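Note sheet for the following structure.
The values are calculated or read from the model by the stated rules, or taken from the named source; none is laboratory data. For clarity, every value in this text was computed on a predicted model and none was experimentally measured. Heads up, the Cβs are rebuilt from the backbone with ideal geometry, glycines too, and the neighbour counts pull from every protein chain shown.
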Amino acid sequence: MSELMTDTDRPILETRSLAKRFSIGSRFSAEGRRTVHAVDNVSLSVRRGETVGLVGESGCGKSTLARCLVRLYDITDGKLLFEGDDITSKSLSELRPLRRRLQMVFQDPSASLNPRRRVGDLVAEPLRIHGKVSAREITARVAELFELVGLLPDHMMRYPHEFSGGQRQRVGIARAIALNPDLVVLDEPVSALDVSVQAQIVNLLADLQEKLKLTYIFIAHDLSVVRQVSTRIAVMYLGSIVEECPAEEVFATPAHPYSQALISAVPIVETTPAGARKRIILTGDVPSPLKPPSGCRFHPRCPIAADRCRSERPELKEYRPGRKVACHFPTLT
Amino acid sequence: MILSVRDLKVSFRTHDGPVRAIDGVSFDLEESEILGVVGESGSGKTVSLLAVMGLITDPNATIEGSIRYKGRELVGLPPRELRRLRGNEIAMIFQDPMTALTPVYTIGWQIAEQIRAHRGVSKPKAMERVEQLLAEVNFPNPHEAMSRYPHQLSGGMRQRAVIAMALSCDPALLVADEPTTALDVTVQAGILDLVRKLRAKHKSAVVFITHDMGVVSELADRVMVMYAGRVVERGTRTELFSDPRHPYTRALLGSIPPLTGEKPRRLPAIPGSPPSLLRLPEGCAFGPRCPVRYEPCEARKPGLGASAHAAACFRVAQA
């Protein structure tokens, strides 16, 4: 079937029932060995050129999933395919040629840049590791990358601490795009930045995507930023995707009760009297991924939970083309 | 009038020369009013409130100006006197609840300690009050929560415990410094709701510091926007959000991606980054990033003026 698809239809990255579990504790600890179900049964496909936004609250598994997608974590269960090629259990040396096509940008740019090295050097590093190019070519490429991300050529000789947060994130982005990747996984790339700088980086990412034909997986907890950059959005709760659809739809007409609560909770600037917007306030906390609830994992906090939700776990079902919801009682208009 | 701050200036001596973190901040706060203070990192929003709380103990700091709490001058007040006010009449909530809680005592013990220190009541009486307070901040099982240690609670629950502690002595003034920044939006919504209810019930005045314009718009009665240690705009919530005047306020509001409606192809970003307080420009601190700057902006710093809705900008004054 894949032969019949055109290049743009074929997913560049695909997961099938992907799961990541961590073991914690030891035989000798009070609770014994336990398993954290960080990511559970995630099937997601990413098409070339689109931006998939992963949203959810802390502990929902979005960062773990991101790390699985670039194989920074080993995958416990399920499959990960890159351009149809199964890379779930490829060895590090088999992965190396793939790494250049699959890059990642992290939240805290100061933690991901070596403080003892000049930023020009840091950006050149991936070029040295992956490309067998001459020193002259590397210098030229670094200069080109600096221009692409909006840094000045004389910044190359500086150290990371001499930069502001926004500039450091530009360096992080330059490193990620140095090898002309196809797919970049961005894990909270603007969360640590001031609002006025956030917009600059969001614009930069959009420009780069257009220029370099990049595919993004964009993870953020800030829903308005995700909406701005994404073409499609997957909402995660406790390790699984509860809703997946085109970006506009999830904001205009969220179908899963969790998505509804999440979107209604975002404080927005309004000129009408405070509290005029209808807000769904969830009770309780996100349950521990050590002992996920039975049935639908959202049922203990769900305002519309019924008996069925307590026993039977809803599957992520496609109700309309491109509109997937994991709920027994979705609000579909 | 609960609080009246006049021409507050805070500067620190550093290796690289003096840093003026706060440069002439004035504001008033009435009973049961919520004042939102917005600004980016380094804008001085936290330092100005630390000064109000008398929590700047750095020997390199100089504080000038006047801070009057219920008519009483706080600047220069002996630490003993200040301690009597803090935690009792003036309470504070910080961004990270773990900094306000000790990990080695239970939640119940910690809140009770504060009540006993300020009110001199017996331990069982204090514990009774703790249970009431925890119920008030929506702990599902307050009695059980009292015997929990901070690490056994989630981030949202810890912040609720800190709020309970802050409310333990019915403060007239509550200062909240980014209390929801580390929390998830659904948890944040609950905390904001709580602050609103508590204001109504206890008639406390609240100063709410945040970088999130959305939060301010949901909660505050009046808003103060800060940039590089100065107030650049102040007004009521409605004035500020329906008619923002300072170019910085306008740009900041414009750079937030919308959650509804048409999405812009590009976000109108503010060029550059906030200035270093060590190298502030001669004139308006926002000048170098401002789209409407002209000659006067480079020579002098614009003042805020006296009107209720005011912006510190020559362009606004001219219009």
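A few comments on the model shown:
- Number of the condition not met by B:ARG266 [criteria: (1) touching a helix residue (DSSP H, G or I) at 6+ places or on another chain (Cβ under 6 Å); (2) over 21 Å from B:ARG20 (Cα atoms); (3) crowded, with 18+ Cβ neighbours inside 10 Å]: (3)
- For segment A:1-36, the set of residues classified as assigned to a strand (DSSP E or B), at pLDDT below 90 and not basic (Lys, Arg) consists of A:SER23, A:ILE24, A:THR35, A:VAL36, listed by residue number.
- Condition met for A:LEU72 (loosely packed, with under 12 Cβ neighbours inside 10 Å and of a type outside the set (D, E, K, R)): yes
- Test: residue in segment B:40-50 that is within 14 Å of another protein chain (Cβ to nearest Cβ) and surrounded by fewer than 18 Cβ atoms within 10 Å (Cβ to Cβ): yes
- Residues (more than 13 Å from A:LEU122 (Cα to Cα), outside any loop (DSSP other than H, G, I, E, B) and away from chain B (no Cβ under 14 Å)) located in segment A:152-200: A:PRO153, A:ASP154, A:LEU183, A:VAL184, A:VAL185, A:LEU186, A:ASP187
- Selection count, segment B:205-245, where residues are more than 13 Å from every other protein chain (Cβ to nearest Cβ) and not in a strand (DSSP E or B): 2
- Test: residue in segment B:133-155 that is in a helix (DSSP H, G or I), within 11 Å of chain A (Cβ to nearest Cβ) and either surrounded by fewer than 22 Cβ atoms within 10 Å (Cβ to Cβ) or acidic (Asp, Glu) (or both): yes
- Look at (1) buried (at least 18 other Cβ atoms within 10 Å of the Cβ); (2) closer than 25 Å to B:LEU219 by Cα and you find that B:ALA308 fails only one, number (1).
- For beta carbons closer than 6 Å, sequence separation of 6+ or different chains, a first residue in segment A:256-270 that is closer than 17 Å to B:PRO258 by Cα and at the interface with chain B (Cβ under 8 Å from one of its Cβ atoms) and a second that is among the charged types (D, E, K, R) and in a helix (DSSP H, G or I), the qualifying pairs are A:PRO267/B:GLU218.
- For the residues B:ALA161, B:ALA126, B:ALA112, the requirement of being at pLDDT 90 or above, within 14 Å of chain A (Cβ to nearest Cβ), within 25 Å of B:LEU55 (Cβ to Cβ) and assigned to a helix (DSSP H, G or I) singles out B:ALA161.
- Candidate set: segment B:237-259, residues that are without any contact (Cβ under 8 Å) to a residue 24 or more places away in the chain and small (Gly, Ala, Ser); chosen: the one farthest from A:LEU204 (Cα to Cα): B:SER242
- Residues of segment B:40-90 that are acidic (Asp, Glu), farther than 25 Å from B:ILE115 by Cα and either touching a Phe, Trp or Tyr at 6+ places or on another chain (Cβ under 7 Å) or in a loop (DSSP other than H, G, I, E, B) (or both): B:GLU40, B:ASP58.
- For segment A:129-151, a tally of residues being without any contact (Cβ under 8 Å) to a residue 40 or more places away in the chain, in a loop (DSSP other than H, G, I, E, B) and not basic (Lys, Arg) returns 3.
- Identity of the residue in segment B:56-78, in contact (Cβ under 8 Å) with a residue 40 or more places away in the chain and of a type in the set (Lys, Arg), that ends up farthest from B:GLY24 (Cα to Cα): B:LYS70
- Complete set of residues in segment A:213-226 that are within 13 Å of the chain's Cα centre (by Cα) and either β-branched (Val, Ile, Thr) or within 12 Å of chain B (Cβ to nearest Cβ) (or both): A:THR215, A:ILE217, A:ILE219, A:ALA220, A:HIS221, A:ASP222, A:LEU223, A:VAL225, A:VAL226
- All of B:LEU194, B:LEU174 fail the test of being outside any loop (DSSP other than H, G, I, E, B), modelled with pLDDT of 90 or more, within 18 Å of the chain's Cα centre (by Cα) and surrounded by fewer than 24 Cβ atoms within 10 Å (Cβ to Cβ), apart from B:LEU174.
- Hey, A:SER58 within 25 Å of A:CYS245 (Cβ to Cβ) and surrounded by 14 or more Cβ atoms within 10 Å (Cβ to Cβ) or not: yes
- Hits in segment B:94-105 (condition: buried (at least 17 other Cβ atoms within 10 Å of the Cβ) and modelled with pLDDT of 90 or more): B:LEU101
- Condition check for B:GLY54: at pLDDT 90 or above and either surrounded by fewer than 18 Cβ atoms within 10 Å (Cβ to Cβ) or under 30 Å from B:LYS203 (Cα atoms) (or both): no
- Residues of segment B:169-201 that turn out to be away from chain A (no Cβ under 14 Å) and either over 21 Å from B:PHE27 (Cβ atoms) or of a type in the set (Lys, Arg) (or both), as a count: 4
- Boolean, B:ALA299 is among the aliphatic types (A, V, I, L, M) and at the interface with chain A (Cβ under 10 Å from one of its Cβ atoms): no
- Residue satisfying all of: in segment A:45-62; within 14 Å of another protein chain (Cβ to nearest Cβ) and outside any loop (DSSP other than H, G, I, E, B); farthest from A:VAL202 (Cα to Cα) among these: A:LYS62
- Candidate set: segment B:269-285, residues that are at the interface with chain A (Cβ under 10 Å from one of its Cβ atoms) and in contact with a Phe, Trp or Tyr (Cβ under 9 Å, 6 or more places away or on another chain); chosen: the one surrounded by the most Cβ atoms within 10 Å (Cβ to Cβ): B:ILE270
- Among all positions in segment A:106-128, there is at least one residue which is closer than 21 Å to A:VAL46 by Cα and in contact (Cβ under 8 Å) with a residue 40 or more places away in the chain.
- Breaking point among (1) buried (at least 23 other Cβ atoms within 10 Å of the Cβ); (2) of a type outside the set (A, V, I, L, M, F, W, C); (3) farther than 19 Å from A:SER191 by Cβ, for A:LYS213: (1)
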